[in-house]
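Worksheet for the structure shown next.
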Amino acid sequence: MMLDKILASFISDLKTFYRSKGTLFWTLAFPVMLILIFGAIFSGVGDIEYELHVQNLDDSEQSLSHQFIQALENTGVIKIVNVSKDADIDSYMDENDIKRLLVIPGNYSETIIASQYPNVTVSVNLSFHYDQSEQQTNQVVKNIISNVVRSMNMGISGGTEIIGIEDIETISGEFSFIDFFLPGMIGFTIMQTCIYGSIERNTRLRKDGILRKLLTTPITRSEWILSKMLFQLFLSFLSAFLIIMVGILVYGLSIHINLLVIILIVATSFLFTGLGMLIGRFVRDEESAGMAGGAITFPMMFLAGTFFPLEQMPEFLQTFAKILPLYYVNEGLRNAMIYLKTDDALFHSIVVLIFASVFFIAGLLLTKWKED
Amino acid sequence: MGFLMADKTVQCPKCSQKITISGNPGEIIKATCPSCGNKGRVTFKKIVKKDDIAIEVSKLRKVYGDLVAVNDITFSIRRGEVFAFLGPNGAGKTTTVEMIESIRQPMGGTIKILGKDISTSFDDVKEKIGILPQEFRSFERLTVKETLEFFSKLYKKRASINVIIDAMDLRDQKNKLYMDLSGGLKQRVGVAIALVNDPEIVFLDEPTTGLDPKARREVWAVIASLRDEGKTVFLTTHYMEEAEFLADHIAIIHKGNIIAEGSLEELINKYGQGSILHIKKCKTKDAARILKENGFNVNTKNNGDIEIKIDFKERVLEILSILRHECIDYDSIDIRCSNLEEVFLHLTGARLSEEAYDAR
Ligand SMILES: Nc1ncnc2c1ncn2[C@@H]1O[C@H](COP(=O)(O)OP(=O)(O)O)[C@@H](O)[C@H]1O
Ligand SMILES: [Mg+2]
């Protein structure tokens, strides 16, 4: 019986949701749009020439490697930057923030010459080092290299694979802007949908007499709130899922889903639903409550490190940010799903859980259905 | 229940063919006219023991700051009657009805619904009542049918949604979104929502406020059909015509006090001025004197109009024959019957409709 009522309410919410273009836009399309826009601004997608750092270790007389490099340059989209022979690849990439690098081994010319003798099978591997944070560009560059390699193989041996490419992923420790931005976007979107959903339920439904009506029906306040929470959780997971999919498919991010991520999403939903209840409790009129919601979420969005790291802000703002619940949500999600810093993520999750308990319980205790 | 079967003869609204239909009291039977094929419903009145008390309110009180919104009022409502709680805006109607519905907390007094004190057993009562709050608006983006289904699932006892849709005449709208309905239809949906648990008592707080006259009459028809089904209706309104048209029992509330209570007839007999016959632009000088001599209570106006108070209907004919006999010349005659407006004016010195208008 109880489940019946909760389910009925959930289904009504679902229908209302997909019929409301405004809500659909703000919960689903808006965050995706924002990610794409910011992604385009910050990751330089749209360059027509790709920089490729090349470390050429081949020093034989013939230097057939120069021929290969020339071929790469002739494609017109690759700009070669030479790297000195004694550079250490990992630290060189890390220090100079290089996202991809090609190493031509010392036996390159030798191998190709050897391959010209009959009955000799030899091969040589080029090493393609790349940083995972720009997977799309890396893929493009790698395709170009592969094409050049294929035509070289064709010319040398009529197609037998003499030259190969070996992928080497480097973990630079430098994450891209999108890595930073995406978890923040999840936190921000959950905050928005929960606060505004909750404000609407506590102001408009009151004004329209729906809460009064419900008081006279057998549904209890806990059943009602439970059903609304269930729906908020559904929305939170839906938008998180969508944002994550954009991150993976468009930006090739490697995102980790683990228990802490789930806990953070659930706790964040409760946190901001509770906050919305409190706003609706003290600002009774729907429009003013909406403005109050904006007055709280808008500054929080900027100050809690959704769009740019806290370190870029003045000292006093950084201190201020640390009392904002959204800061812990953002940091927690980043550590749990991108940086894999479990200890930090755990700490942030606990802080979010505490915030959530306080706000949600306060919201429950302070709001009432009964009229004065 | 078969032994209660009754026959009812109705006339087809389209072709005026008379049809006799049998059914049980409280039943609504679908009928098709044998000659024109028109489809309709026939409601068989429920037999309700009118002596049973549905709602009993005693010394109910609510104070907001300095304002006594409801001042120790006492009244009771019998089962099966339409009770109109009539009063201007701010009289205390909503405060009273919402205390009875357990939405607001009374500051004094007791309320019993179907014999149960609601301060302790309102949960038992919930299944048996249906309410339409004042200025109610349902979920914007659910269709009429979905809305009724949602509210219906909240109850153990569920009336058939199709029957409600038929009875409220919402068939054509059942798949429309609530937000796309006109004001009158929205109110009808509101009444329909109040019926999803087939309640014994229906509370309607100003169900026709803000509607145009046509939509108002449609809602009245719906309320009248509730009475036919044997439901007890608690109706609050500031329209006296609404109370006159629908109510079996009227209580007039003014500034938190019930100032008069009874049937329409009782109220008019007790507080009304009786009927007045109005002779417009009387040109015969002696007319007033002649009528006075014949024992009538005559009041001459400055503009030559004459007003005569009528205590018995038969005296109207008497006046007309005097007018003809004495060749009294006049423009026109009309008769104004006493109404609730007059009762209210008599009791408070203010006009109900104006007061309601001013407050808005
Ligand atoms: N919550 C409240 N706080 C303060 N005053 C109220 C409140 N509710 C109603 N009132 C006052 O009580 C009086 C009766 O109001 P109400 O019951 O709504 O009247 P009605 O329904 O007859 O128009 C009005 O003067 C109104 O202003
Ligand atoms: Mg009212």
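Quick note: the coordinates plus some simple rules give every number you see, no bench work behind them. Since the structure is predicted, the reported quantities are computational estimates derived from the model, not experimental observations. Don't worry about glycine lacking a Cβ; one is built from the backbone with ideal geometry, like all the others, and counts go over all protein chains shown.
Look at B:Phe203, A:Phe355, A:Phe38, A:Phe298 and count the other Cβ atoms within 10 Å of each Cβ; fewest to most, that gives A:Phe298, A:Phe38, A:Phe355, B:Phe203.
When the charge dipole of segment B:53-269 is built from unit charges on Cβ atoms (+1 for Lys and Arg, -1 for Asp and Glu) and taken about the Cα centre, the candidate among B:Ala167, B:Val125, B:Ser76 whose Cα reaches farthest toward its positive end is B:Val125.
Binning all Cα-Cα separations of segment B:2-43 at 10 Å, short to long from zero, yields these whole-percent fractions: 29, 54, 16, 1.
Quantify how much of the Cα-Cα distance distribution of segment A:180-280 extends past 25 Å, in percent.
Working: 1456 of 5050 pairs.
Of the Cα pairs, 29 percent sit more than 25 Å apart.
Computed from label points 7 Å out along Cα-Cβ, the spacing between B:Lys313 and A:Val122 is 12.7 nm.
Tell me whether segment B:275-336 comes out rounded, prolate or oblate; compute the Cα gyration tensor, take square roots of the eigenvalues as a ≥ b ≥ c, and use a/c under 1.5 as the rounded threshold. Kindly include the intermediate steps, with their values, before the conclusion.
Values: a/c = 1.41, a/b = 1.20, b/c = 1.17.
The shape class here is rounded.
Converting phi to 3J(HN,Hα) with the Karplus coefficients 6.51, -1.76 and 1.60 and the offset θ = phi - 60°, segment B:242-255 yields 4, 5, 4, 6, 9, 7, 8, 8, 10, 10, 9, 10, 9, 6 Hz in sequence order, with x at every glycine or proline.
Full extension of the segment from A:Ser91 to A:Val140, taken as 0.36 nm per residue of separation minus the current Cα-Cα distance, would add 15.3 nm. Across A:Gly197, A:Gly155, A:Gly247, mean-square fluctuation computed from a Gaussian network of chain A (C-alpha pairs under 10 Å connected) peaks at A:Gly155.
All C-alpha pair distances within segment B:95-211, sorted into 5 Å bins from zero, spread as 2, 12, 21, 21, 19, 12, 8, 4, 1, 0 percent across the bins. In order along segment B:118-132, the Karplus-derived 3J(HN,Hα) couplings, from 6.51 cos²θ - 1.76 cosθ + 1.60 at θ = phi - 60°, round to 6, 5, 10, 10, 5, 4, 5, 6, 3, 5, 9, 10, x, 10, 10 Hz, and Gly and Pro are given as x.
I need the fraction of alpha carbon pairs in the protein assembly as shown separated by more than 37 Å, rounded to a whole percent.
61 percent
Take the Cα radius of gyration of chain B and divide it by 2.2 N^0.38 Å, N being the number of residues; the result is 1.18.
Using only DSSP helix segments of four residues or longer, with each worth -39500 (n - 2.57), what per-residue ellipticity at 222 nm results for chain A after dividing by its residue count and rounding to 500?
On the way: 15 runs with 238 residues, N = 372.
Helix-only estimate at 222 nm: -21000 deg cm²/dmol.
Past the 22 Å Cα-Cα mark, which pairs from B:Lys45/B:Lys126; B:Lys285/B:Lys309; B:Lys126/B:Lys157; A:Lys213/B:Lys157; B:Lys39/B:Lys128? If you can, show how the numbers build up before the last one.
On the way: B:Lys45/B:Lys126 24 Å; B:Lys285/B:Lys309 19 Å; B:Lys126/B:Lys157 11 Å; A:Lys213/B:Lys157 17 Å; B:Lys39/B:Lys128 31 Å.
Violating the 22 Å Cα-Cα cut-off are B:Lys45/B:Lys126; B:Lys39/B:Lys128.
Partner aspartates and glutamates whose Cα lies under 17 Å from the Cα of A:Lys228, excluding those fewer than 8 positions away in the same chain, are identified as A:Asp4, A:Asp13, A:Glu200, B:Glu140. With a 10 Å Cβ neighbour count serving as the proxy for reagent exposure, in which order, fewest first, do B:Lys93, B:Lys18 appear? In increasing order of surrounding Cβ atoms, one gets B:Lys18, B:Lys93. Sequence gap at least 6, Cα distance under 8 Å: using those rules, report the relative contact order of segment A:45-169 to the nearest whole percent. Contact order relative to length: 27 percent. Would you look at the GNM of chain B, springs on alpha carbons closer than 10 Å, and say which of B:Pro25, B:Pro106, B:Pro13 moves the most? So, out of B:Pro25, B:Pro106, B:Pro13, the one fluctuating most is B:Pro13.
Restricting to chain A, compute how many DSSP beta bridges are antiparallel as a %, nearest 5. Once the DSSP bridges in chain A are tallied, antiparallel ones form about 20 percent. Spin-label model, A:Leu226/A:Gln312: points 7 Å from Cα along the beta carbon direction are separated by 4.5 nm.
The A:Ala29 and B:Met179 beta-carbon pair, evaluated with R₀ = 30 Å, returns a calculated FRET efficiency of approximately 0.85.
Remark: spin-label model distance B:Ser160-A:Trp369 equals 3.0 nm, labels positioned 7 Å along the Cα→Cβ axis. With q set to 0.21 Å⁻¹, the log10 of I(q)/I(0) for segment A:24-151, from the Debye formula over equal scatterers at the Cα positions, is -1.27.
Taking Rh as the Kirkwood radius computed over C-alpha pairs, what is the Stokes-Einstein D of chain A at 25 °C in a medium of viscosity 0.890 mPa s, expressed in µm² per second? Write down the numbers at each step before the final one.
Details: Rh = 24.1 Å.
Estimated diffusion coefficient is 102 µm²/s.
Listed by chain and number, the lysines placed with their C-alpha closer than 17 angstrom to that of B:Lys255 are B:Lys59, B:Lys62, B:Lys93; residues fewer than eight positions away on the same chain are left out. Rg/Rh for segment B:77-153 (Cα atoms only, Rh after Kirkwood) is 1.00.
Put simply, the C-alpha atoms of segment A:226-363 give a gyration tensor, and the ellipsoid matching it has half-axes of 25, 19, 15 Å, longest first.
Taking 8 Å as the Cα distance limit and 6 or more residues as the minimum spacing, I'd like the relative contact order of chain B as a percentage. Kindly include the intermediate steps, with their values, before the conclusion.
Working: 697 pairs, mean separation 58.8, N = 360.
Reported as a whole number, the value is 16 percent.
Each of B:Tyr178, A:Tyr50, A:Tyr328 was scored by other Cβ atoms within 10 Å of its Cβ. Listed from fewest to most, they are A:Tyr50, B:Tyr178, A:Tyr328.
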